[in-house]
Amino acid sequence: MKIKLRDRLSFRQAKHTVIVALVLGTMLSIGQIVYDFIVEKQTAESTNRQVVEMHLESASLAAYNLDPEQAQQVLRGLYKYLAVHRASIVSDTNEVLGDIERPLTQGPLNRANAFLFGRETQYAYSLKYEHHESIGTFNVTIDTYGTTQRLVSKAGLIIVSGVVRSFILASILMLLFYYTLTLPLLRLVSDIAAVEPQKPDQSHLEVPEAQTKTEMGLLATTLNKLLKGFTASLNARKTAEAALRASEEQYRSIFEHSTDGIFQSNAEGRFLAANPALARILGYSSPSELLDTMHDIKRQLYVNPVDRDRLLERIEADGSVKHFRTQLVRKGGSVLDVAVNMHAVHDDTQQIQYYQGNVEDITQKKKAEALRIQKDAAEAANKAKSQFLANMSHEIRTPMNGIIGNAALALDTHLTPEQYEYLQSIKISADHLLIVINDILDFSKIEAGRLELEQIDFQLRMTIENAVDTLAVKAHEKDLELVYQIPSDVPDSLIGDPGRLRQILVNLVGNAIKFTESGEVVVGCRILDRLDSSIQLQFSVTDTGPGIPNKKIESIFESFTQVDSSATRQIGGTGLGLTISKQLVSLMGGEIWAESPPGTSVDSLSPTESGPGSAFYFTIKLEVKEDMGIPPLNLDATNIRGKRILIVDDNLANRKILRDMLTNWQISHEEASDGKSALVKLEQAALVERPFDLVLSDARMPEMDGFELGQCIKENERLTSTIVIMLTSVGLRGDVNRCKAMGLSGYLVKPIKQSILLDTILMALAAGEGAVESADSPIITQHTVYEDRQRRKMKILLAEDNEINQKLAVNMLSKLGHTVTLAENGQRAIELLQSDTYDVVLMDVQMPEMDGLTATRRIRSMPSISRQLPIIAMTAHAMKGDREDCLSAGMNDYISKPFDPLQLMTLLERWDPQATPST
Ligand code: ADP
């Protein structure tokens, strides 16, 4: 933008300054002129006087002498010096001695001259001579025109110079103003002009460092501040506008896309607005169709028009209505269940302007509600079913206990062969029935989601042994080799659910034995992964049975699935075992799967000789107890660690199992894979006087079997003192006697329990000490070991209310050689404990007067009764939480009814206070 020169600030400033300067300059010039006039006047006066006075003496002389000649001379001298107009010398007698005159100077300055100096100046002196007073007068008149002329030229100079000065000053000021004011201002203006109105935040006025303190700098800084403020408010406005737009869009979107119908309607019963959802709900193709069609909402829309009146009445009373349920007619006539939320919108005068609200189609909801009620009822029924199951479990197990236990006891009495057979089949059927019942109960629990795991300390080896033990008889009946193998690096003290682990193992091993006709069943266990405090174990159960067809290998884990489900199948079962196992394994954080060599077909299911076999694997996660590892062996006086043992077995797996056990006990040992090399080893050792003390020999081996080897050892002079223990997988009638006759020390049937093997070795070494074995000395078997253990008799307090169970338990316990005192309820048990000491308390949980849990809590709070006293729960409940309840009440262990003598014996062994801890 251009500014004309005359409009420029600097020019106007300069103009005004020049005017002021001119006025001031003029005044100063006038002053100067006045001053000059005064000075000039005075100077002229004094010069005139001096010149006149210089001629005064010669004039006096001329007057004294009255000499006109002289007088004329004096006057001419004066005339030379001054602008004399007229001069005369007069004697005291008024005689004019001399006079001269010259006309006054005429010129343009006459008037000024008359004004300033009055044209002429007169001087009159009285003349004196020596002592003569007043001898005449001397008159001189001076022309002042010259003085005026000088003065005027001086004044002219003064005025001209003053004007020139003012112009120069004005120009300098103009330049100065231009550079200091106009230019920065113009720059600022162009800077401001450059500010983009839409993006003030990106523009900024530059303020040079030198100018920050100047007015211009301040102006720019202030403008910057303004710009900033402007930016902020612009941004705020933009944000607010955006938010407003967004919220409007949001509301619009909600309005457009809501699944609920949204409307505005008036008191006359017309829709003012409706969203697409409302149109859809009411069966119209678009909101506009709905608006056009609906003239009387009350009559056209409501199934019961009175509903609309009620709705409006309630809005009148309360301002709004929520979840008003009613029925509307859709286009086409169908009826719709809806919930209406509605309120009135008022104007300033509190008059209702219109109504606003939403309509929800609750037809589906109503259906869902009905379904939920049905579901609740079903769940309640399911809960009742679970409760029923718990009760049935109790009701079934109690009599089963009587049947199984009494059958077991009766079998030990003197019976005719016929009776024995009948009873045996009662026992077998009852056992089988119990398995089926347990499976069904477990399955029901899983179905009802009520199966929960325990977290308790347990010994892994003992649990596996126990599981395998239960099935050993069945394996032997079928002449199968049943072995298990636990590497020594697998920790023994773990935390988990041993009962459920045992159940899985029993199930898999049971199946393996059930389906395998010849060969072996091997149970394995190895560490898969080791974490900080937990361990992942992989178990395997392999058999040499018919295998499982590949296409069936997945489905066998499904409930009620069997590979051969024909009615004519030879092998029984519920088809639940693997389902339950799978569920249990997954609860233990693992997986279960089966492998079978390809090519196995359903046809190969029929029992043949040895089959391709199947392998079942499962993994589980268990917590490792702090004191992990195998507890150190507490060996008695027999210095077993100095002894040397030779393992003889053709089967590598079997040798490894024995090797692991002996390594655990830190007994030095060597191995031989057949009878001949065993003999060589034994002889060589005897030669170098480091004989083997004991031989653990497998009975069945190719070429030279265990019996032949035993015979050779016993017949060899150098080896007669060597103790031989025979290990067999098939206990044949007469084998024990054969061994005894040969002078062997022990005879054990596989699978071999670690504790039994150790006890056998200890007993054999103790018996062999000193004495040479003969056919008379007793041979050690599993039974001898048990009997030996039984010799440690216990004093047992039995708290049980059921008469049959009382008799059963008392019979079993007395048969094991223990003394039993009976208490018919918890209260009685406490009384008995206060008056006498017992080794173990067997406590029924459900009893009249005082139940087992209450009694245990009381006992544990009584200082007079030792806290070490083992209390073992006996319960017919097998539902979840039972074990926790018992343990938290202060009980040490748990046995669930029905139980058989072997289970009871194992349990008591565990809690025998005098028993030496075994592995
Ligand atoms: P069941 O009570 O019938 O044994 P399971 O769930 O335990 O039920 O097993 C399901 C089916 O899986 C069995 O019926 C059998 O067909 C097959 N099966 C299980 N274990 C083996 C095995 N070791 N060898 C061959 N088939 C097996």
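The values are calculated or read from the model by the stated rules, or taken from the named source; none is laboratory data. Nothing here was measured: the structure is a model prediction, and the numbers come from that model. All Cβ positions, glycine included, derive from the backbone under ideal geometry; neighbour counts span all protein chains shown. Ligands, DNA and RNA are stripped out before the accessible areas are found, and what is left, the full protein with its side chains, is counted by its heavy atoms. Shrake-Rupley method; radii C 1.70, N 1.55, O 1.52, S 1.80 Å.
Values computed for the structure shown
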| read-out | value |
| --- | --- |
| Residue within segment 243-254 that is open to solvent by less than 50 Å² (accessible area, probe 1.4 Å) and touching a residue at least 40 places away in the same chain (Cβ under 8 Å) present | no |
| Check on D489, in contact with a Ser or Thr (Cβ under 9 Å, 6 or more places away or on another chain) and touching a residue at least 12 places away in the same chain (Cβ under 8 Å) | no |
| Where a residue in segment 507-524 is closer than 18 Å to K582 by Cβ and its partner, wherever it lies, is hydroxyl-bearing (S, T, Y) and within 12 Å of the ligand (Cβ to nearest atom), with Cβ under 6 Å and at least six apart | N507/S581 |
| Residue list for segment 265-296, restricted to those being touching a residue at least 24 places away in the same chain (Cβ under 8 Å) and either under 46 Å from the mean Cα position of the chain (by Cα) or surrounded by fewer than 16 Cβ atoms within 10 Å (Cβ to Cβ) (or both) | N266, A267, R270, L272, L278, I281, T293, H295, D296 |
| Meets criteria (within 15 Å of the ligand (Cβ to nearest atom) and either open to solvent by 30 Å² or more (accessible area, probe 1.4 Å) or over 26 Å from T544 (Cα atoms) (or both)) for I446 | yes |
| Among residues of segment 742-783, those that are assigned to a helix (DSSP H, G or I) and modelled with pLDDT under 85, counted | 13 |
| Segment 157-182 residues that are polar (S, T, N, Q), paired with ones that are open to solvent by less than 60 Å² (accessible area, probe 1.4 Å) (beta carbon under 8 Å, 6 or more apart) | S166/V18; S166/A21; S166/L22; S166/G25; S171/A14; T182/R8; T182/S10 |
| Residue match in segment 674-692 (condition: among the basic types (K, R) and open to solvent by less than 40 Å² (accessible area, probe 1.4 Å)) | no |
| Y129 being open to solvent by 30 Å² or more (accessible area, probe 1.4 Å), more than 30 Å from I30 (Cβ to Cβ) and aromatic (F, W, Y) | yes |
| Test: residue in segment 413-432 that is open to solvent by less than 40 Å² (accessible area, probe 1.4 Å), of a type outside the set (K, R), under 25 Å from E395 (Cβ atoms) and touching a Pro at 6+ places or on another chain (Cβ under 7 Å) | no |
| Every residue from segment 566-601 that is in contact with a Gly (Cβ under 8 Å, 6 or more places away or on another chain) and either within 11 Å of the ligand (Cβ to nearest atom) or modelled with pLDDT of 85 or more (or both) | G577, M588, S596, T600 |
| Selected residue (only one of I464, I426 is part of a helix (DSSP H, G or I), at pLDDT 80 or above and touching a Phe, Trp or Tyr at 6+ places or on another chain (Cβ under 7 Å)) | I464 |
| Residues of segment 401-429 classified as of a type outside the set (K, R) and free of Cβ contacts under 8 Å to residues at least 60 places away in the same chain, total | 19 |
| Where a residue in segment 732-752 is of a type in the set (S, T, N, Q) and its partner, wherever it lies, is not in a loop (DSSP other than H, G, I, E, B), with Cβ under 7 Å and at least six apart | S745/I723; S745/V724; S745/I725; S745/A764; S745/A767; S745/G768; S745/I780 |
| Residue match in segment 177-198 (condition: open to solvent by less than 60 Å² (accessible area, probe 1.4 Å) and not in a helix (DSSP H, G or I)) | yes |
| For R310: the one exception among (1) under 17 Å from D260 (Cα atoms); (2) surrounded by fewer than 17 Cβ atoms within 10 Å (Cβ to Cβ); (3) touching a strand residue (DSSP E or B) at 6+ places or on another chain (Cβ under 9 Å); (4) at pLDDT 90 or above | (1) |
| Residue satisfying all of: in segment 674-700; touching a Leu at 6+ places or on another chain (Cβ under 8 Å) and in a loop (DSSP other than H, G, I, E, B); farthest from L482 (Cα to Cα) among these | P691 |
| The lone exception for G332 - which of (1) assigned to a helix (DSSP H, G or I); (2) farther than 15 Å from S265 by Cβ; (3) open to solvent by 80 Å² or more (accessible area, probe 1.4 Å) it fails | (1) |
| Within segment 484-500, considering residues that are open to solvent by less than 10 Å² (accessible area, probe 1.4 Å) and touching a helix residue (DSSP H, G or I) at 6+ places or on another chain (Cβ under 6 Å), the one nearest to R526 (Cα to Cα) | D492 |
| Among (1) surrounded by 17 or more Cβ atoms within 10 Å (Cβ to Cβ); (2) touching a Ser or Thr at 6+ places or on another chain (Cβ under 6 Å); (3) not basic (K, R) - the single one A112 does not satisfy | (1) |
| Selection from segment 63-78 of residues that are buried (at least 16 other Cβ atoms within 10 Å of the Cβ) and closer than 14 Å to V140 by Cβ | A71, V74, L75, L78 |
| Single residue of segment 473-507 satisfying the filter (among the aliphatic types (A, V, I, L, M) and farther than 18 Å from Y617 by Cα) that is modelled with the lowest pLDDT | V473 |
| Residue match in segment 530-541 (condition: within 9 Å of the ligand (Cβ to nearest atom), part of a loop (DSSP other than H, G, I, E, B) and at pLDDT 90 or above) | no |
| Options I100, I89: the member that is free of Cβ contacts under 8 Å to residues at least 40 places away in the same chain and in contact with a helix residue (DSSP H, G or I) (Cβ under 8 Å, 6 or more places away or on another chain) | I100 |
| Contacts under 6 angstrom Cβ, first residue in segment 107-128 being closer than 28 Å to H55 by Cβ, partner at pLDDT below 90 and open to solvent by 50 Å² or more (accessible area, probe 1.4 Å), 6 or more apart | S126/S134 |
| Unique match (being more than 59 Å from the chain's Cα centre (by Cα) and surrounded by fewer than 21 Cβ atoms within 10 Å (Cβ to Cβ)) among V724, V695, V736 | V736 |
| Residue within segment 544-562 that is modelled with pLDDT under 90, part of a loop (DSSP other than H, G, I, E, B) and more than 14 Å from the ligand (Cβ to nearest atom) present | no |
| Those residues of segment 828-859 which are crowded, with 18+ Cβ neighbours inside 10 Å, of a type outside the set (A, V, I, L, M, F, W, C), in contact with an Asp or Glu (Cβ under 8 Å, 6 or more places away or on another chain) and closer than 19 Å to D885 by Cβ, in sequence order | D844, G852 |
| Hits in segment 501-512 - residues which are more than 8 Å from the ligand (Cβ to nearest atom), of a type outside the set (S, T, N, Q) and either in a strand (DSSP E or B) or surrounded by fewer than 22 Cβ atoms within 10 Å (Cβ to Cβ) (or both) | R502, V506 |
